[in-house]
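Q: One structure is given below, represented as structure tokens, and several questions about it will come after.
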Amino acid sequence: MEKHNVSVLFVAAAAAVAGCATLKAEDVRVYEPTQLREGQYETVARLWVETWRTLAWVPTHASPGDGVAALQDKAASVGANGLINVACYSDPGLFSVGSASFLCYAKAVKVR
């Protein structure tokens, strides 16, 4: 009897996990600062600025569009469905050598 309960519990847990929708980068919307008010979203993560590793390295991208696409991908991976305060800046060579690149960061949010 006990093995049956464990099996039922395992099957139920697997079904619940499989039923959870996995976000894709395309599902992550970029919001302008005036589009969302506080209380309409919850912060999930501050992408590329909340870790000690950014003292030594941050990802750079060939264009702002590539940078935003990478932010959308990262946001989806942490369960966010939106980005706010998106910023991309030209890197004058601090984090990249020999080619034009852009540093991008944003706040990943879950819009209610």
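Computed from the coordinates by the stated procedures, all read-outs in this text should not be read as laboratory data. Not measured: the values here are computed from a predicted model. Here the Cβ is made from the backbone with ideal geometry for all residues, glycine too, and neighbour counts use every protein chain on show.
Q: Quick check: pseudo-label points 7 Å beyond the Cα along Cα→Cβ at R37 and L55, how many nm apart are they?
A: 4.0 nm
Q: Length gain on complete extension for the stretch A62 to A25, per 0.36 nm per residue less the alpha carbon to alpha carbon distance?
A: Values: separation 37, 0.36 × 37 = 13.32 nm, distance 1.83 nm.
Here the segment from A62 to A25 would lengthen by 11.5 nm.
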